[in-house]
Amino acid sequence: MKGKKGLWLVLGTAIISGVSVFINKFGVSSIDSSLFTGAKNIIVALFLFSLILLAKDFKKLKELTRQDYTKLLLIGLVGGSIPFLLFFKGLQLTTAAQGSFIQKTMFVWAGVLALAFLKEKLDKGVVIGAVLLLAGNFLLLKLNNFVFSTGDLLILAATLLWSAETIISKQALKRIDSKIVAWGRMFFGSLIILAFLAVTNKLSLIGTITSAQFIWILVTSAFLLGYVLTWYSGLKEIKVTVATSILLIGSVITTTLDLVWGVRITAPQIIGSMLLVVGVAFILGLTTILKKFQSILSIAKAR
(Lines give C-alpha, C1' and ligand atoms only; values in the text may rest on other atoms or scores of the structure.)
Protein backbone atom coordinates (compact mmCIF):
# COMPACT_ATOMS: atom_id res chain seq x y z
CA MET A 1 0.00 0.00 0.00
CA LYS A 2 2.83 2.36 0.92
CA GLY A 3 4.64 1.65 -2.35
CA LYS A 4 1.51 2.44 -4.33
CA LYS A 5 1.07 5.70 -2.41
CA GLY A 6 4.70 6.57 -3.12
CA LEU A 7 4.22 5.97 -6.86
CA TRP A 8 1.23 8.32 -6.97
CA LEU A 9 3.09 10.99 -5.02
CA VAL A 10 6.12 10.90 -7.33
CA LEU A 11 3.81 10.87 -10.36
CA GLY A 12 2.35 14.07 -8.89
CA THR A 13 5.91 15.41 -8.60
CA ALA A 14 6.51 14.66 -12.30
CA ILE A 15 3.32 16.49 -13.31
CA ILE A 16 4.21 19.48 -11.14
CA SER A 17 7.74 19.44 -12.59
CA GLY A 18 6.45 19.40 -16.17
CA VAL A 19 4.16 22.37 -15.59
CA SER A 20 6.81 24.16 -13.52
CA VAL A 21 9.45 23.95 -16.27
CA PHE A 22 6.96 25.50 -18.69
CA ILE A 23 6.03 28.30 -16.24
CA ASN A 24 9.62 28.98 -15.15
CA LYS A 25 10.61 29.82 -18.73
CA PHE A 26 8.45 32.94 -18.42
CA GLY A 27 9.35 33.76 -14.82
CA VAL A 28 13.14 33.64 -15.09
CA SER A 29 13.39 35.52 -18.38
CA SER A 30 13.50 38.99 -16.80
CA ILE A 31 15.43 38.43 -13.57
CA ASP A 32 18.90 37.25 -12.49
CA SER A 33 18.73 33.43 -12.26
CA SER A 34 20.60 33.15 -8.92
CA LEU A 35 18.38 35.82 -7.36
CA PHE A 36 15.29 34.08 -8.77
CA THR A 37 16.39 30.74 -7.30
CA GLY A 38 17.35 32.23 -3.93
CA ALA A 39 14.05 34.09 -3.57
CA LYS A 40 12.03 30.95 -4.35
CA ASN A 41 14.03 28.88 -1.87
CA ILE A 42 13.48 31.40 0.92
CA ILE A 43 9.72 31.62 0.30
CA VAL A 44 9.31 27.83 0.14
CA ALA A 45 11.43 27.38 3.30
CA LEU A 46 9.11 29.81 5.14
CA PHE A 47 6.01 28.00 3.84
CA LEU A 48 7.39 24.63 4.93
CA PHE A 49 8.27 25.96 8.38
CA SER A 50 4.70 27.27 8.68
CA LEU A 51 3.35 23.84 7.68
CA ILE A 52 5.54 22.18 10.29
CA LEU A 53 4.15 24.54 12.93
CA LEU A 54 0.53 24.04 11.79
CA ALA A 55 0.98 20.26 11.86
CA LYS A 56 2.37 20.60 15.38
CA ASP A 57 5.59 18.91 14.22
CA PHE A 58 7.92 21.52 15.74
CA LYS A 59 8.86 18.98 18.40
CA LYS A 60 10.29 16.83 15.62
CA LEU A 61 12.76 19.62 14.87
CA LYS A 62 13.79 19.67 18.52
CA GLU A 63 14.28 15.90 18.48
CA LEU A 64 16.74 16.03 15.57
CA THR A 65 20.26 14.99 16.46
CA ARG A 66 23.46 16.72 15.37
CA GLN A 67 23.87 13.96 12.78
CA ASP A 68 20.37 14.66 11.45
CA TYR A 69 21.14 18.37 11.08
CA THR A 70 24.42 17.49 9.34
CA LYS A 71 22.45 15.45 6.79
CA LEU A 72 19.96 18.31 6.27
CA LEU A 73 22.84 20.76 5.79
CA LEU A 74 24.42 18.38 3.28
CA ILE A 75 21.09 18.05 1.43
CA GLY A 76 20.85 21.85 1.27
CA LEU A 77 24.43 22.05 0.00
CA VAL A 78 24.40 19.36 -2.70
CA GLY A 79 20.68 19.62 -3.56
CA GLY A 80 19.27 23.04 -2.75
CA SER A 81 22.06 25.45 -3.67
CA ILE A 82 25.29 24.59 -5.52
CA PRO A 83 23.68 22.50 -8.30
CA PHE A 84 21.15 25.27 -9.05
CA LEU A 85 23.97 27.81 -9.40
CA LEU A 86 25.95 25.43 -11.63
CA PHE A 87 22.88 24.52 -13.69
CA PHE A 88 21.80 28.08 -14.51
CA LYS A 89 25.38 29.15 -15.25
CA GLY A 90 25.74 26.13 -17.52
CA LEU A 91 22.55 27.05 -19.39
CA GLN A 92 24.14 30.40 -20.26
CA LEU A 93 27.03 28.57 -21.94
CA THR A 94 25.22 25.78 -23.81
CA THR A 95 21.95 25.14 -25.61
CA ALA A 96 18.76 24.54 -23.64
CA ALA A 97 18.25 21.19 -25.42
CA GLN A 98 21.71 19.82 -24.53
CA GLY A 99 21.42 21.09 -20.97
CA SER A 100 18.01 19.52 -20.53
CA PHE A 101 19.18 16.17 -21.93
CA ILE A 102 22.16 16.03 -19.57
CA GLN A 103 19.93 16.90 -16.59
CA LYS A 104 17.48 14.18 -17.62
CA THR A 105 20.24 11.56 -17.25
CA MET A 106 19.97 12.00 -13.47
CA PHE A 107 18.06 8.72 -13.14
CA VAL A 108 21.11 6.87 -14.55
CA TRP A 109 23.56 8.34 -12.02
CA ALA A 110 21.06 8.03 -9.18
CA GLY A 111 20.52 4.40 -10.14
CA VAL A 112 24.25 3.66 -10.06
CA LEU A 113 24.59 5.36 -6.66
CA ALA A 114 21.51 3.54 -5.33
CA LEU A 115 23.04 0.24 -6.44
CA ALA A 116 26.33 1.07 -4.69
CA PHE A 117 25.09 2.66 -1.46
CA LEU A 118 21.50 1.48 -0.99
CA LYS A 119 21.94 -1.99 -2.54
CA GLU A 120 18.94 -1.44 -4.81
CA LYS A 121 18.86 -4.23 -7.40
CA LEU A 122 18.29 -3.55 -11.10
CA ASP A 123 15.98 -5.84 -13.07
CA LYS A 124 15.47 -6.22 -16.83
CA GLY A 125 12.49 -3.88 -16.77
CA VAL A 126 14.59 -1.07 -15.31
CA VAL A 127 17.40 -1.58 -17.87
CA ILE A 128 14.99 -1.66 -20.83
CA GLY A 129 13.14 1.34 -19.42
CA ALA A 130 16.40 3.27 -19.00
CA VAL A 131 17.34 2.76 -22.67
CA LEU A 132 13.86 3.85 -23.81
CA LEU A 133 13.98 6.92 -21.55
CA LEU A 134 17.34 8.07 -22.93
CA ALA A 135 16.20 7.49 -26.52
CA GLY A 136 12.91 9.27 -25.84
CA ASN A 137 14.64 12.33 -24.39
CA PHE A 138 17.10 12.42 -27.29
CA LEU A 139 14.22 12.58 -29.78
CA LEU A 140 12.11 14.88 -27.63
CA LEU A 141 14.85 17.49 -27.36
CA LYS A 142 15.76 17.32 -31.09
CA LEU A 143 19.47 16.66 -30.50
CA ASN A 144 21.21 16.29 -33.84
CA ASN A 145 24.79 17.44 -33.31
CA PHE A 146 25.79 17.07 -29.68
CA VAL A 147 29.08 18.89 -28.93
CA PHE A 148 30.17 18.75 -25.28
CA SER A 149 31.08 22.23 -23.93
CA THR A 150 32.05 23.91 -20.65
CA GLY A 151 28.38 24.66 -20.02
CA ASP A 152 27.51 20.99 -20.45
CA LEU A 153 30.22 20.08 -17.94
CA LEU A 154 28.69 22.45 -15.36
CA ILE A 155 25.23 20.95 -15.92
CA LEU A 156 26.65 17.43 -15.62
CA ALA A 157 28.25 18.44 -12.30
CA ALA A 158 24.87 19.79 -11.12
CA THR A 159 23.15 16.56 -12.21
CA LEU A 160 25.67 14.42 -10.32
CA LEU A 161 25.14 16.52 -7.19
CA TRP A 162 21.35 16.16 -7.45
CA SER A 163 21.83 12.40 -7.86
CA ALA A 164 23.98 12.29 -4.71
CA GLU A 165 21.40 14.38 -2.86
CA THR A 166 18.71 11.84 -3.73
CA ILE A 167 20.74 9.09 -2.05
CA ILE A 168 21.43 11.23 1.04
CA SER A 169 17.75 12.18 1.23
CA LYS A 170 16.63 8.55 0.93
CA GLN A 171 18.85 7.66 3.89
CA ALA A 172 17.70 10.70 5.89
CA LEU A 173 14.04 9.83 5.28
CA LYS A 174 14.47 6.59 7.24
CA ARG A 175 14.20 8.56 10.49
CA ILE A 176 13.34 12.16 9.55
CA ASP A 177 9.86 13.36 8.53
CA SER A 178 9.58 14.16 4.80
CA LYS A 179 8.38 17.74 5.46
CA ILE A 180 11.44 18.38 7.62
CA VAL A 181 13.77 16.97 4.96
CA ALA A 182 12.12 19.26 2.40
CA TRP A 183 12.46 22.21 4.79
CA GLY A 184 16.13 21.39 5.41
CA ARG A 185 16.86 21.38 1.68
CA MET A 186 15.21 24.75 1.12
CA PHE A 187 16.36 26.44 4.35
CA PHE A 188 20.03 25.53 4.21
CA GLY A 189 20.00 25.91 0.43
CA SER A 190 18.67 29.45 0.88
CA LEU A 191 21.43 30.36 3.34
CA ILE A 192 24.12 29.11 0.95
CA ILE A 193 22.63 30.98 -2.03
CA LEU A 194 22.34 34.16 0.07
CA ALA A 195 26.03 33.78 0.92
CA PHE A 196 26.77 33.40 -2.81
CA LEU A 197 24.75 36.53 -3.62
CA ALA A 198 26.65 38.45 -0.92
CA VAL A 199 30.06 37.31 -2.23
CA THR A 200 29.13 38.20 -5.82
CA ASN A 201 27.68 41.60 -4.77
CA LYS A 202 24.19 40.68 -5.96
CA LEU A 203 22.28 41.15 -2.68
CA SER A 204 21.50 44.71 -3.71
CA LEU A 205 19.47 43.28 -6.63
CA ILE A 206 16.77 42.28 -4.13
CA GLY A 207 15.69 45.91 -3.96
CA THR A 208 15.27 46.02 -7.76
CA ILE A 209 12.64 43.25 -7.91
CA THR A 210 9.50 44.64 -9.53
CA SER A 211 5.93 43.73 -8.58
CA ALA A 212 5.56 41.69 -11.79
CA GLN A 213 8.75 39.75 -11.03
CA PHE A 214 7.61 39.16 -7.47
CA ILE A 215 4.33 37.68 -8.72
CA TRP A 216 6.29 35.28 -10.94
CA ILE A 217 8.46 34.35 -7.95
CA LEU A 218 5.34 33.60 -5.87
CA VAL A 219 3.72 31.53 -8.63
CA THR A 220 6.83 29.44 -9.26
CA SER A 221 7.40 29.10 -5.51
CA ALA A 222 3.97 27.47 -5.20
CA PHE A 223 5.02 24.87 -7.78
CA LEU A 224 8.34 24.34 -5.99
CA LEU A 225 6.50 23.84 -2.70
CA GLY A 226 4.27 21.19 -4.27
CA TYR A 227 7.33 19.57 -5.86
CA VAL A 228 9.36 19.11 -2.66
CA LEU A 229 6.34 18.02 -0.59
CA THR A 230 5.30 15.27 -3.02
CA TRP A 231 8.87 14.29 -3.95
CA TYR A 232 10.22 13.61 -0.48
CA SER A 233 6.97 11.98 0.67
CA GLY A 234 7.07 9.67 -2.36
CA LEU A 235 10.82 9.00 -2.21
CA LYS A 236 10.36 7.78 1.36
CA GLU A 237 8.16 4.93 0.10
CA ILE A 238 9.74 3.72 -3.18
CA LYS A 239 13.12 2.95 -4.71
CA VAL A 240 15.39 5.73 -5.93
CA THR A 241 15.62 4.16 -9.41
CA VAL A 242 11.85 4.07 -9.77
CA ALA A 243 11.32 7.57 -8.35
CA THR A 244 13.92 9.31 -10.52
CA SER A 245 12.65 7.49 -13.63
CA ILE A 246 9.05 8.57 -13.07
CA LEU A 247 10.23 12.19 -12.97
CA LEU A 248 10.96 11.95 -16.71
CA ILE A 249 7.21 11.99 -17.40
CA GLY A 250 7.56 15.71 -16.69
CA SER A 251 9.16 16.07 -20.15
CA VAL A 252 5.97 14.80 -21.76
CA ILE A 253 3.90 17.29 -19.73
CA THR A 254 6.12 20.19 -20.78
CA THR A 255 5.99 19.15 -24.45
CA THR A 256 2.18 18.90 -24.30
CA LEU A 257 1.95 22.41 -22.84
CA ASP A 258 4.28 23.71 -25.57
CA LEU A 259 1.96 22.15 -28.13
CA VAL A 260 -1.10 23.81 -26.57
CA TRP A 261 0.80 27.12 -26.40
CA GLY A 262 1.45 26.94 -30.12
CA VAL A 263 5.01 25.67 -30.26
CA ARG A 264 5.47 23.37 -33.27
CA ILE A 265 6.03 19.76 -32.20
CA THR A 266 7.75 17.45 -34.68
CA ALA A 267 7.02 13.78 -35.37
CA PRO A 268 10.30 12.63 -33.70
CA GLN A 269 9.27 14.55 -30.56
CA ILE A 270 5.92 12.77 -30.48
CA ILE A 271 7.73 9.42 -30.85
CA GLY A 272 10.14 10.51 -28.10
CA SER A 273 7.23 11.27 -25.76
CA MET A 274 5.75 7.84 -26.45
CA LEU A 275 9.10 6.19 -25.70
CA LEU A 276 9.24 8.05 -22.38
CA VAL A 277 5.83 6.77 -21.33
CA VAL A 278 6.66 3.18 -22.36
CA GLY A 279 10.06 3.45 -20.64
CA VAL A 280 8.50 4.51 -17.36
CA ALA A 281 5.93 1.69 -17.71
CA PHE A 282 8.76 -0.84 -17.96
CA ILE A 283 10.43 0.58 -14.88
CA LEU A 284 7.16 0.45 -12.96
CA GLY A 285 6.91 -3.26 -13.67
CA LEU A 286 5.33 -3.72 -17.08
CA THR A 287 7.38 -6.88 -17.57
CA THR A 288 5.79 -8.40 -14.45
CA ILE A 289 2.33 -7.43 -15.69
CA LEU A 290 3.01 -9.00 -19.11
CA LYS A 291 4.25 -12.23 -17.49
CA LYS A 292 1.07 -12.47 -15.42
CA PHE A 293 -1.00 -11.80 -18.54
CA GLN A 294 0.87 -14.50 -20.47
CA SER A 295 0.37 -16.89 -17.55
CA ILE A 296 -3.39 -16.25 -17.61
CA LEU A 297 -3.47 -16.85 -21.38
CA SER A 298 -1.56 -20.12 -20.96
CA ILE A 299 -4.03 -21.36 -18.34
CA ALA A 300 -6.97 -20.36 -20.54
CA LYS A 301 -5.50 -22.24 -23.56
CA ALA A 302 -4.83 -25.32 -21.42
CA ARG A 303 -8.50 -25.44 -20.52
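Summary table
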read-out	value
Inter-residue pairs, beta-carbon under 6 Å, first touching a residue at least 12 places away in the same chain (Cβ under 8 Å) and over 30 Å from LEU9 (Cα atoms) and in the stretch 201-225, second in a helix (DSSP H, G or I) and of a type in the set (Phe, Trp, Tyr), 6+ apart	none
Residue list for the stretch 29-69, restricted to those being among the aliphatic types (A, V, I, L, M), touching a residue at least 12 places away in the same chain (Cβ under 8 Å) and under 19 Å from ALA222 (Cβ atoms)	ILE31, LEU35, ALA39, ILE42, ILE43, VAL44, ALA45, LEU48, LEU51, ILE52, ALA55
Filtered residue count, the stretch 251-274, keeping only those that are closer than 16 Å to LEU139 by Cβ and outside any loop (DSSP other than H, G, I, E, B)	15
Boolean, ASP57 is surrounded by fewer than 18 Cβ atoms within 10 Å (Cβ to Cβ) and more than 21 Å from ILE246 (Cα to Cα)	yes
Condition met for LYS124 (free of Cβ contacts under 8 Å to residues at least 12 places away in the same chain, loosely packed, with under 15 Cβ neighbours inside 10 Å and of a type outside the set (Phe, Trp, Tyr))	no
Failed item, numbered, when ILE176 is tested on (1) in a helix (DSSP H, G or I); (2) surrounded by 15 or more Cβ atoms within 10 Å (Cβ to Cβ); (3) not small (Gly, Ala, Ser)	(1)
Filtered residues of the stretch 135-153 (kept if surrounded by fewer than 19 Cβ atoms within 10 Å (Cβ to Cβ), of a type in the set (A, V, I, L, M, F, W, C) and modelled with pLDDT under 85)	PHE138, LEU143, PHE146, VAL147, PHE148
Residue in the stretch 57-74 that is at pLDDT below 90, closer than 25 Å to ARG175 by Cα and aliphatic (A, V, I, L, M) present	yes
Lone unmet requirement of (1) in contact with a Lys or Arg (Cβ under 7 Å, 6 or more places away or on another chain); (2) modelled with pLDDT of 90 or more; (3) not aromatic (Phe, Trp, Tyr) for VAL78	(1)
Every residue from the stretch 234-253 that is of a type outside the set (A, V, I, L, M, F, W, C) and surrounded by 22 or more Cβ atoms within 10 Å (Cβ to Cβ)	GLY234, THR241, THR244, SER245, GLY250, SER251
Tally, over the stretch 196-241, of residues that are part of a helix (DSSP H, G or I) and either aliphatic (A, V, I, L, M) or more than 24 Å from the chain's Cα centre (by Cα) (or both)	22
One residue from ILE299, ILE193 being in a helix (DSSP H, G or I), modelled with pLDDT of 90 or more and either among the aromatic types (Phe, Trp, Tyr) or farther than 22 Å from PHE22 by Cα (or both)	ILE193
Residues satisfying the stated conditions in the stretch 36-59, i.e. more than 14 Å from ARG185 (Cβ to Cβ) and hydroxyl-bearing (Ser, Thr, Tyr)	SER50
Selection within the stretch 60-74 - touching a helix residue (DSSP H, G or I) at 6+ places or on another chain (Cβ under 9 Å) and within 18 Å of GLY189 (Cα to Cα)	LEU61, ASP68, TYR69, LYS71, LEU72, LEU73, LEU74
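Conditions tested, residue by residue: (1) touching a residue at least 40 places away in the same chain (Cβ under 8 Å); (2) crowded, with 19+ Cβ neighbours inside 10 Å; (3) closer than 23 Å to PHE196 by Cβ; (4) of a type outside the set (Asp, Glu).
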position	(1), (2), (3), (4)
LEU74	yes, no, yes, yes
LEU77	yes, yes, yes, yes
GLY80	yes, yes, yes, yes
THR95	no, no, no, yes
ALA116	no, no, no, yes
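The values are calculated or read from the model by the stated rules, or taken from the named source; none is laboratory data. The shown structure was predicted, so the numbers you read here are calculated from the model rather than taken from an experiment. Using ideal geometry, Cβ is built from the backbone for each residue, glycine included, and neighbour counts are taken over all protein chains shown.
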